[in-house]
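Contents: one structure, followed by commentary.
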Amino acid sequence: MKHLVGTLIALFLLPFLAGCAGSPRTVTLEPTSAPQPSRTSAPALPPPPTRLAPAGQLAPIAPSHVAQVWANEGGDKVTRDELRATNDPNAVRNSVWDGTRISLFGARNEVVAFNLVLEAPTTPAADTNVSLMSLTGPKGASITTVPASGDGVFNYVGRNIELFFVRYLQIRGLSVDLAYDDYDERHIPERCRRPHNDDGEPLTGTGWDDRPCHDKLYPDIAAPLEYHAPFAIPAGTNQSIWGDIYIPRTAPAGVYSGTIDITESGTTTWRIPIRLRVRDFTLPDLPSARTMLVYASENANDRYLGEQYPEPGTAVYTQSLELADRHFQLAHRHKISLIDGVEEVEQMDEAWTDRLSGGLFTSAEGYDGVGVGVGNNVYSVGTYGSWSWQGGGEADMWANTDPWVNWFQAHAFATPTEVFLYLVDESDDCPQIEQWSQWMDNNPGPGRSLMSMATIDLPAAAAETPSLDVPTSLSQFGLTDVWQTAVDAYTSDPAKRFYMYNGTRPASGSFAIEDDGVALRELAWGQVKKGVDRWFYWESTYYVNYQRYGYDEPKAYINLFQQAQTYGCYERDDDSLGQAGWNYFNGDGVLFYPGTDTRYPQESYGVMGPLASLRLKHWRRGIQDVDYLTLAAAINPTRTAEIVDEVVPTVLWEYGVTDPEDPTWVLTDISWSTDPDDWEAARAELADIIEGSYASLSPRVHLPLVASEGYALPNKALVDTANR
């Protein structure tokens, strides 16, 4: 199977490959022996002082080198050097942390998260561990987990509580050009902005060192805590421990409580109370905010198996399918759908049947959590235009699309599944796109029902490719009336879909590591506000920076655990931007980190499955928020619409442009709050709306997905799935 993108764009990339002569410096940010520190190798430390906390603040129960402990819900990124609670314990109080306890809330069939921060301001904290095994609720009900190790962390059955050791990546430059532009400082993430005036112009004399995020270690890699326990916290730093709690569908509503224990050298030094209120409603298994995310098997195969394209029928090929399935399961746990590059319909039975039927997402396959038994809900034929019959004519189009539709019709998957032919990626050859789309529409056979899809700006699609079924547009601002007119036309046509892809500030949040923690939460809110049927992100396993260096340059193969920049190149040191170069981008295309890395064995955990990024978890939070919006809109559409407008007042093309004669730029700040507490307050109000209605209904009453008036969610093909 050829690479999803490489074979299509290699020719026009060749002139650029020599353009990035500089290579990123190698700076070790983490210990190179990643997985299992020795329990006996901790250095001798002086006895820690006994600290008495002021009233209203939690204190250790035994002498501890961890001087302060606090928590947030994860949307406020805490860089490695920050000692917020040490400097002012009151300053870290938030909707999750009152100074003495973690307080969470959520619905059944939802994952709620917290970020626990351990601070060691003066002496290192060695041989440290954190545990949370259970929460006990009404009438003895409980939410629990079981110990796991190695590949056992990929068996989710019985593991409703997961803890993750957060790893950090250094921000040495900004993700300018693709995630945001720098002509207006307000386009840049808030913590990375230079001082500026009201028009976004930087103050004279300010530069890279004036950006608060410069050279900071940002959290992004969520490694299962089992792989790092016990761990050490260097003096003068903090360590985040991320927690995911899945609330089972069977959990009774009410308050659940437990204790997070911190131990040092086997002695419990801190006990943090945690409280979870389970609200009396259930989120759907199929998300209202649909997504699709590319999984490039060749990149994963290279890191895990040392072979990009194993031959079908071999043991290595079987391993590659099992590896892909673990990525699908982890994505499913985050309510995200994957697509890949399977190009031959003959491969579908072995590779995709269980993914689409939901069989992969059952306890028999080690799966539990959101979406048990529910299929992947999307399939892309010929991803990135990799379909093999492009050189043929109309008859070839018919002959090759018919078998795909026949295969799907023969399987009749219970989960509604959108299937399309990915015609071409970011092409300006609109006549060719229109011709291919017309050929598909003219098909007298079953292939006529296969949708056509291409990445193209929606106004251009409306004007030049009217036969295209699924125009997929880059997240962007634009001429408001032009875009909205086109959107209205597509969303009112049941035969059409409208997707968007990636993320570009200020139109939406971005996927840059240095972006605000709420950035990808916003993405889902903007999606539902503007009627976008599905949000597409271009890659999750971009482990080879071939779009700049090709495949032969060693520098193309990034050390993903030590280097934040994954796309573009580092050509120069810029006074304002730090490291800079063509499309320099931190974290682009990487939402999974490899559990095995044959190219950088010193970083390898030696497990056959992926590690999630925190950005994947931030995106999940937004997707789950939209499920709240879906349920609330069916009950109180007017207030739900008001909440949407309060949380995301302006998104995407609503911004308009500064100069209609040149609609490529806009001077503006983002419209949404970067404070997670504001988003949590909105979620709490939505929960009140939903729970108040549910309390007055018989359990057999099903709420409609779309309200008859007021705010109505625009997603298609969901009416029969709201209560799955």
* When the scattering of the range 127-192 is computed by the Debye formula from its Cα atoms alone, each counted once and equally, what is log10 I(q)/I(0) at q = 0.30 Å⁻¹? -> -1.34
* Asked: Label points 7 Å out from Cα along the Cβ direction at residue 551 and residue 638: separation in nm?
  -> 6.1 nm
* Structure fact -> For the range 341-417, the accessible surface attributable to carbon and sulfur atoms (probe 1.4 angstrom, ligands and nucleic acids excluded) amounts in percent to 47 percent
* Just report the Cα centroid separation between the range 584-602 and the range 502-558, whole Å. => 15 Å
* Structure fact -> In whole angstrom, the spacing between the Cα centers of the range 405-462 and the range 635-679 equals 31 Å
* To the nearest µm²/s, what D does Stokes-Einstein give for the range 477-605 at 37 °C and 0.692 mPa s, using the Kirkwood radius over alpha carbon pairs as Rh? -> 193 µm²/s
* **Residues residue 62 and residue 463, FRET efficiency given R0 of 51 Å [Cβ-Cβ distance, rounded to 0.05]** => 0.15
* Structure fact -> Plugging the Cβ-Cβ distance of residue 139 and residue 90 into 1/(1 + (r/R0)^6) at R0 = 51 Å yields, to the nearest 0.05, a FRET efficiency of 0.85
* Euclidean distance of C-alpha centroids, the range 322-392 and the range 248-271, integer Å -> 35 Å
* Structure fact -> Measuring from the longest principal axis of the C-alpha atoms of the chain, the long axis of helix 394-411 (C-alpha) lies at a number of degrees, nearest 10, equal to 50 degrees
* Asked: In the chain, what percentage of the DSSP-assigned beta bridges are antiparallel, given to the nearest 5?
  -> 70 percent
* Order the following by accessible area, largest value first: 227, 600. Probe radius 1.4 Å; ligands, DNA and RNA are ignored. => 600, 227
* Once the Cα atoms of helix 480-491 and of the chain are each reduced to a long axis, what angle between those two axes, in degrees from 0 to 90 to the nearest 10, is obtained? -> 70 degrees
* Please work out the average accessible area per residue across the chain, using the 1.4 Å probe convention, and give it in Å². => 35 Å²
* Structure fact -> In terms of the charge dipole of the range 515-578, which places +1 on Lys and Arg and -1 on Asp and Glu at the beta carbon, the residue among 518, 567, 532 farthest towards the positive end is 532
* Asked: Only one of the listed values, (1) 88, 77, 52; (2) 80, 67, 60; (3) 133, 77, 61, was derived from the coordinates as Cα extents along the principal axes in Å; which label is it?
  -> (2)
* Structure fact -> On the formula 1/(1 + (r/R0)^6), with r taken between the Cβ atoms of residue 267 and residue 199 and R0 of 51 Å, the FRET efficiency rounded to 0.05 is 0.35
* To do: Provide the percentage of antiparallel DSSP beta bridges, counting only those with both residues in the range 72-230; round to the nearest 5.
  => 95 percent
* Asked: To the nearest 10 degrees, how steeply does helix 614-633 sit against the main Cα axis of the chain, on a 0 to 90 scale?
  -> 70 degrees
* Per-peptide average of other Cβ atoms within 10 Å, ordering 357-366, 625-634, 446-455, 536-545 highest first -> 625-634, 536-545, 446-455, 357-366
* If ligands, DNA and RNA are left out, what is the accessible area of residue 680 with a 1.4 Å probe, given in Å² to the nearest 10? -> 20 Å²
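The values are calculated or read from the model by the stated rules, or taken from the named source; none is laboratory data. For clarity, every value in this text was computed on a predicted model and none was experimentally measured. Methodologically, a virtual Cβ is constructed for each residue, glycine included, from the backbone with ideal geometry; neighbour enumeration extends over all protein chains shown. We work out accessible area using only protein heavy atoms, side chains counted, and drop any ligands, DNA or RNA first. Shrake-Rupley method; radii C 1.70, N 1.55, O 1.52, S 1.80 Å.
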